[in-house]
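Reading through the C-alpha cells given below for one structure.
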C-alpha cells in the first residue's frame, strides 16, 4: 500500500531509501569535498584570466614545428583537428600519444568481458591514431604511459626528452582544467617536461570549455575535421563526437566573428608562453612526485 501511494506521488521507493541513506553522507562528507574542489577550480580559472589578453585571431602558419599532445587517441582530432588540418603541408607536424586509451570507447560486436577485449581495444585505437596522423601529415610519437596512479617524474622525463628533440615553437594539449583525469595529468607532465622550453602553448578544448584568448578560423576545414574524428569508430560509436565538435566550433565562430557574419567556425584556445602556462599548471596541481592537495585529489 505504501509503495503504491509513493508511486502515485511520483516517488520510487528505492529512490526514497537511497536518498535517506546517502543525503546525510553527502552533507557530512561529500559536500565539503565538492565545495573545496569548486573553490580550487574557480581560483585556477581566475588565475588563467589574469594572464589572458583579448581574444586574438591566429593566422596560418602559427609556427613551423607544431606538437599536438593527445592524452588518448582522438583528443588531437576533437580539440585541435582544425589546427592540424589547416597546417597540413605548411608546418612540421607531430602528434604525441601519451596513453593507450584502454578505458574509452567500445569495439563493435565484441564482448567487453572477454579476456582479450582490452588489448583488442588498444590495438584498434592505435590503428585509428595511425590513420588520423597520416590524414593530417603528422609524424606520430607513442609514449604509451600507464594511466594508473598519479603522473610520475619518470614519465615527465621521457616527455621532456622528446620535446627537446622536437624543439617545437607551438605545443597544443587539452587545457589544464579540462574535465578528464588523463587530460589534466598530461598538463602536469608537460609543465615538468617543458622546463626551459620556449614555445607558445595552446590549451585546447575537449570536455570543458576554456576561457579563450586565441581562436583559429576552421570554417573551411570543419567538414574535414568531422571526417577526421570519424576515423575513431571505437569512440564515435558511443558518443557523437563529430556533432559535438562541430557545435563547439560554431559557438566559438560566433564569439570570435571569424567571417564577419558570426556564421563561421573556430577552435578556441587558452594561449600563453610556455613559462606562464606551466606556472598556472604547477600552482594548481604541483609537480610529478610533489603534488598539491588539489593534485592529490585529482590523481589518487
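The values are calculated or read from the model by the stated rules, or taken from the named source; none is laboratory data. It should be emphasised that the depicted structure is a prediction, and the values quoted were computed from it without experimental measurement. Cβ: placed from backbone, ideal geometry, glycine included. Neighbour counts: every protein chain shown.
Observations, loosely collected:
- Considering (1) in contact (Cβ under 8 Å) with a residue 60 or more places away in the chain; (2) surrounded by fewer than 17 Cβ atoms within 10 Å (Cβ to Cβ); (3) touching a helix residue (DSSP H, G or I) at 6+ places or on another chain (Cβ under 8 Å), the lone condition that residue 300 does not fulfil carries the number (3).
- Answer from 123, 118, 77 - the residue that is under 21 Å from residue 135 (Cα atoms), part of a helix (DSSP H, G or I) and modelled with pLDDT under 95: 123
- Members of region 143-154 found to be out of contact with any helix residue (DSSP H, G or I) (no Cβ under 9 Å at 6 or more places or on another chain) and assigned to a helix (DSSP H, G or I), listed by number: 154
- Selection count, region 190-208, where residues are touching a residue at least 40 places away in the same chain (Cβ under 8 Å) and under 30 Å from residue 261 (Cα atoms): 7
- From the list 247, 271, the one residue that fits, being outside any loop (DSSP other than H, G, I, E, B), without any contact (Cβ under 8 Å) to a residue 40 or more places away in the chain and within 19 Å of the chain's Cα centre (by Cα), is 247.
- Residues of region 80-107 that are within 17 Å of residue 119 (Cα to Cα) and part of a loop (DSSP other than H, G, I, E, B): 100, 101, 102, 103, 104, 105, 106, 107.
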